[in-house]
Amino acid sequence: MRIERVELFVVRLPLKRAYETSGSRETHQTRVLARVESEGAVGWGESVAPELPWYSGETPKTIWYALEEIIVPQLFESELERPEDTERVLGWIREHRMAKATIEMAIWDLFAKRSGVPLAALLGGTRDRILCGVAIGIHPDIASLLATIERELSAGYQRVKVKIKPGWDGHVAEAIRNAYPDLPFMLDANSAYSLADIPLFKRIDAYTPMMIEQPLAHDDLVDHATLQREISTPICLDESIHSGEDARKAIEIGATRIVNIKAGRVGGLASARRVHDVCRDADIPVWCGGMLEMGIGRAHNVHLASLPNFSLPGDVSASERYFATEIIGEPFTVTPDGTMKVPTGPGIGVTVLEGRIREIAEQARELRPPTTVARRSPPSSPRPAVAKRRSHR
Ligand code: MG
């Protein structure tokens, strides 16, 4: 199969409530949406990079650049027999994982739709409902945080994750545990600490969070292993894991006991499934992370989280928590038992509101393959062909 047409859109939506982490305060989300067409089928993907590069080096602008200049031209030159081929033909491109994932996920959707099966089935998912949790940003004070937790629990969520940062950490864990003696809660530091903070983490142990997510540097494995030897709270890695190989190494040195999987962070669904498999083989549970996705990205997350080793509630929550405007026709909701149904229709199984996307897009671009066959390179050496293409500019 060859990709016949790609459309890219930039959509920016306000968040219902500002979202604060140790590295950012966000009031809007800007996403690059990819619409991919081939042989009468259409697939959709959504980027996850925040507006500023506080999570990784990628932003909507780097995603647009990488897709338009390198990734889409490469895909136009490539024969894709299976969705996994996308990752293979893009393999020579370093980094740009969120950009690759944006279109790789659209191609998975396209393949699933062409076969008339849900994306979950194509991925090997076994759950018809996924376990849901919520991520709660940094609050101005403990009283408002506890009020938010109360609201989320009454909506049915099975666990809460609370963002921490220096100065908003130990007393937060203490307050949550005092207010909710049995609540499964976890903390996410988004890399805000160092080994100098070991005493703080030892203090947090007493409040028995389920895990502490990415306490140390975004590119670190070794110090996390050192920290894990010192504390009883399981460490869960997020930012540090970019591939199945990263997961293998982290597990091997004892840097992580749980892994947060985000398809965008690891370069797409094929890579996400590999991280899942590496963890499953090592008896390391995983859960599905979130990046405040709009409807398309959220749908992909729900299908991914149907894989068997997603045994902990993830960050996948109802769309209405974040956005007033929907870009899909069937917004995701959480039932009172804290689960969400995996759509059963073909592909991502939701109606993408194309008309609305075209209407609200701040930027749009249609890309088609070059008409001359001469530009196509043999599949074994894709790189020179793209370089050549660029040198014509
Ligand atoms: Mg995280």
Collect residues whose amide H, placed 1.01 Å from N in the peptide plane, falls under 5 Å from the amide H of Gln363; neighbours closer than 5 in sequence don't count. Val10
Please report the net charge: other residues with Cβ closer than 12 Å to the Cβ of His171, K and R +1, D and E -1. -1
With the Cα gyration tensor of the chain giving a ≥ b ≥ c as the square roots of its eigenvalues, does the rule (a/c under 1.5 for rounded; else a/b larger than b/c for prolate; else oblate) give rounded, prolate or oblate? prolate
Cβ charges +1 (Lys, Arg) and -1 (Asp, Glu), total dipole of region 202-359, debye: 180
Solvent-accessible area per residue, Å², over region 16-161 with all protein chains present [probe radius 1.4 Å]: 37
Carbon-plus-sulfur fraction of the accessible area of region 247-366, 1.4 Å probe, in percent? 49
At R0 = 35 Å, how high is the FRET efficiency between Ile360 and Asp141 if r is their beta carbon distance? Nearest 0.05 is fine. 0.50
Which of Pro140, Pro73, Pro331 moves most in a GNM of the chain, Cα contacts under 10 Å? Pro140
Calculated [θ] (222 nm, deg cm²/dmol) that DSSP helices of n ≥ 4 give over the chain, each run adding -39,500 (n - 2.57): -9500 deg cm²/dmol
Gaussian network model of the chain, Cα within-10 Å springs - most flexible of Ala361, Ala263, Ala324: Ala324
Once amide H atoms are placed 1.01 Å from N in the peptide plane, what residues at a sequence separation of 5 or more from Ser191, or on another chain, have their amide H within under 5 Å of its amide H? Leu216
Could you identify which residue out of Asn178, Asn309, Asn301 has the top mean-square fluctuation in a GNM of the chain using Cα springs shorter than 10 Å? Asn178
May I ask you to derive the relative contact order of the chain, considering only C-alpha pairs under 8 Å and at least 6 residues apart, and to give it as an integer percent? 22
Considering only protein heavy atoms and a probe of 1.4 Å, how much of the accessible area of region 1-102 is carbon and sulfur, as a whole percent? 48
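Would you mind counting up the charge near Pro308? Only other residues with Cβ under 15 Å from its Cβ, with Lys and Arg at +1 and Asp and Glu at -1. Don't jump to the answer; show the numbers that get you there.
On the way: positive: Arg127, Arg129, Arg273, Arg274, Arg280; negative: Asp128, Asp277, Asp281, Asp283.
Local charge sum for Pro308: +1.
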Of the listed links Lys161/Lys202; Lys163/Lys202; Lys16/Lys100; Lys249/Lys341; Lys113/Lys161; Lys61/Lys161, those spanning more than 22 angstrom between alpha carbons are Lys16/Lys100; Lys249/Lys341; Lys113/Lys161; Lys61/Lys161
Leaving out ligands and nucleic acids, and using a 1.4 Å probe, what accessible area per residue does region 233-383 come to in Å²? 38
Enter the Cα centre distance for the pair region 62-101 and region 326-369, rounded to the nearest angstrom. 22
Which ³J(HN,Hα) values in Hz, rounded to whole numbers, follow from the phi angles of region 5-17 under the Karplus curve 6.51 cos²θ - 1.76 cosθ + 1.60, where θ = phi - 60° and Gly and Pro get x? 7, 10, 10, 10, 10, 10, 10, 10, 10, x, 7, 4, 9
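The values are calculated or read from the model by the stated rules, or taken from the named source; none is laboratory data. Small disclaimer: the values here were computed from a predicted structure and weren't measured. All Cβ positions, glycine included, derive from the backbone under ideal geometry; neighbour counts span all protein chains shown. What goes into the accessible areas is simple: the full protein's heavy atoms, side chains included, and nothing from ligands, DNA or RNA. Shrake-Rupley method; radii C 1.70, N 1.55, O 1.52, S 1.80 Å.
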